[in-house]
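Chemist: I am attaching a structure below and will ask some questions about it afterwards.
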Amino acid sequence: IHKLNNCSRFQMCWSRALLTGWGLVLVHLLCLEAVPISIDKTKVKEPEPKPEETQANVDTGLHYDRYLREVIDFLEKDQHFREKLHNTDMEDIKQGKLAKELDFVSHHVRTKLDELKRQEVNRLRTLIKAKQDIEGGNDIAVDHQALLKQFEYLNHMNPHTFEVDDLDRLIKSATKDLENFDKDRHDEFKRYEMMKEHDRREHLKTLDEEERKKEEEHYEEMRKKHADHPKVNHPGSQNQLKEVWEEADGLDPEDFDPKTFFNLHDTNGDGFFDEQELEALFTKELEKIYDPTNEEDDMVEMEEERLRMREHVMNEVDSNKDRLVSLDEFMVATKKKEFLEPDSWETLEQNQAYTDEEMREFEEHLAQQEQDLSEKAMDLQKQREELERQQEQLNAQKIELQQVKGHKTECFFVTFEGNAIPEMHPVDHQEAQPQEHHLPSQSPQDTHQDPQIHEQHNEVQAQQVVPQTHHDQPPGHQAEQGHQNQP
């Protein structure tokens, strides 16, 4: 009984403690809600909305890339055209069937396309004018219509409105240029590799035998070091994609699912793998071969390797050749033997970019170019020497002409009793006026009777001119005489 009483007391005390504790908590909560706190909303800064991240457009490498992308972006804003674009086969697009749908695009989109075309035409005209200025043709009138013919992706005869023909030209030009773009990149890389080898050989020619031997040994060492890398998976194979799934996505390779993988790496969510999205999948494989901090690794070669991988996958997976990989094409490819059991992938060091014959022709071409430049330099030097000689002759003729002109126009003055008077010079007897000389007077009859004496008298008057001073000349004759002696 005693134990039961003690137990009942303990239970009662515990119940009272619990009730008291809950009561205090309830009062505390009521007090918190009962006292409102006024907040000055003018001083409270609302969190700024984060800007939406837009998918960056990757440059296609075409000189009209911006115009192409802007046209596509505005056309896709029209629901009718967007549906036609996604449902049209690539061959129909190339044949111009999609361009005809431009007539059904909304007026707002057509107006914006007109504006885009006018901007592109003005851009091309600015480029033409800038090129003309660089070439020194500032004073030559520019025929923009004739020069715009070289830009086939738009109708230059109608620079104001965007028509069906403009869309057709843009699609065909972009398709053609993109198809040739990869080939041009390969050719450029081949020239790069041959030039690098040519420079190495020319450098070896400048070294003595011992230094040349060391340089060759170092070159071989770098080649072996570059080739020593982990195994590279076949691009687009199951092993390669699983590696991306595990290392880049952080997922369990046992849970690999092709459809989930496609959705994860379709970064713009358009339901296709474009060329840039495909190339991004090969980064892990390329990091096995190339490191920008290593002397033996060339980053130009890395980009060429990336291009080779992307081209290989496109050739295997892109069944309709629209340069895009759809989800259906991707899922079909994952069931092929090439995806499950691929062959080994040969990297660039296993496939030289050029042949020995191509290298020989390249060096011959460089030698010919060097010879042509040398001949041009010699011709320019001769032209320069000839121009300098002609300039010296012109300077000498100019000095001689100035001396002759100064001799003819020079006026000499002498000073007599503080006054400047013209200095008298001998003049031709045709211009001189005869002056009378005080000879012995003869009567006209005597002169007439003796013709010889009369002739001598005339000769003396014609040949002798006696200068007179101002004091000897009569008034008014001084100015007349000065006027006659002026040149």
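The values are calculated or read from the model by the stated rules, or taken from the named source; none is laboratory data. Everything numeric here is computed off the predicted structure, so don't read it as measured data. Here the Cβ is made from the backbone with ideal geometry for all residues, glycine too, and neighbour counts use every protein chain on show. For the accessible areas, the whole protein counts, side chains as well, though only heavy atoms, and no ligand, DNA or RNA atoms are used. Shrake-Rupley method; radii C 1.70, N 1.55, O 1.52, S 1.80 Å.
Chemist: What number does segment 207-354 give for Rg over Rh if you use C-alpha atoms and the Kirkwood radius?
Modeler: Rg divided by Rh gives 1.07.
Chemist: Once phi is turned into θ = phi - 60°, what whole-Hz ³J(HN,Hα) does the Karplus curve with 6.51, -1.76 and 1.60 give for every residue of segment 183-199, x standing for Gly and Pro?
Modeler: Using θ = phi - 60°, the values come out as 5, 5, 5, 4, 5, 5, 5, 4, 4, 4, 5, 5, 5, 5, 5, 4, 4 Hz.
Chemist: Now a separate question. Modelling each spin label as a point 7 Å along the Cα-to-Cβ direction, I'd like the L340/F104 distance in nm, to one decimal.
Modeler: 4.3 nm
Chemist: In terms of modelled amide H atoms, which long-range or inter-chain residues lie less than 5 Å from the amide H of F151?
Modeler: The list, which skips near neighbours in sequence, is empty: none.
Chemist: Tell me, what HN-Hα J-couplings in whole Hz come from the Karplus equation 6.51 cos²θ - 1.76 cosθ + 1.60 at θ = phi - 60° for each residue of segment 237-245, using x for Gly and Pro?
Modeler: Computed from phi, the couplings for segment 237-245 are 7, 4, 4, 5, 5, 5, 5, 5, 4 Hz.
Chemist: Moving to a separate point now. Could you give the semi-axes, largest first, of the ellipsoid that matches segment 312-388, computed as the square roots of 5 times the alpha carbon gyration tensor eigenvalues and rounded to whole Å?
Modeler: The three semi-axes for segment 312-388 are 55, 18, 7 Å.
Chemist: Can I ask one more? Quick one: go through segment 350-382 and flag any residue whose amide nitrogen is under 20 Å from the point 7 Å out along the Cα-to-Cβ line of Y219.
Modeler: Taking a point 7 Å out along Cα→Cβ of Y219, the residues of segment 350-382 whose backbone N falls under 20 Å are 350-367.
Chemist: Also: At q = 0.11, 0.25, 0.28 Å⁻¹, what base-10 log of I(q)/I(0) does the Debye formula yield for segment 162-234 when every alpha carbon is treated as an equal point scatterer in vacuo?
Modeler: Evaluating at q = 0.11, 0.25, 0.28 Å⁻¹ gives log10 I(q)/I(0) of -0.58, -1.08, -1.14.
Chemist: Of all GluC sites (Glu not before Pro) in segment 328-393, which ones are in loop regions per DSSP and have a Cβ with at most 16 other Cβ atoms within 10 Å?
Modeler: Here the GluC sites (Glu not before Pro) that fit, given the DSSP loop and packing criteria, are E346.
Chemist: Starting from the Cα-Cα distance between Q352 and N263, subtract it from 0.36 nm times their residue separation and give me the gain in nm to one decimal.
Modeler: 28.4 nm
Chemist: Right, another one. Using a Förster radius of 56 Å, what is the FRET efficiency between D274 and L394 based on their Cβ-Cβ separation? Nearest 0.05, please.
Modeler: 0.25
Chemist: What distance in nm separates the two pseudo spin-label positions at A367 and R69, each 7 Å out from Cα along the beta-carbon direction?
Modeler: 4.6 nm
Chemist: Which residue, chosen from V232, M331, W245, occupies the Cα position most advanced towards the positive end of the dipole of segment 207-354, where the dipole is computed from +1 (Lys, Arg) and -1 (Asp, Glu) charges on Cβ about the Cα centre?
Modeler: Working it through, the farthest residue towards the positive pole turns out to be M331.
Chemist: Given H placed 1.01 Å from N in the peptide plane, which residues other than close sequence neighbours of F273 have an amide H under 5 Å from its amide H?
Modeler: V325, S326
Chemist: With r as the distance between the Cβ atoms of T175 and H407 and R0 = 56 Å, compute the FRET efficiency 1/(1 + (r/R0)^6) and round to 0.05.
Modeler: Rounded to the nearest 0.05, the efficiency is 0.10.
Chemist: Right, something else. Per residue, how large is the accessible surface of segment 207-354? Use a 1.4 angstrom probe and give square angstrom.
Modeler: Heavy-atom accessible area per residue stands at 57 Å².
Chemist: How big is the gap, in Å, between the Cα center of segment 185-254 and the Cα center of segment 257-285?
Modeler: Answer, in whole Å: 26.
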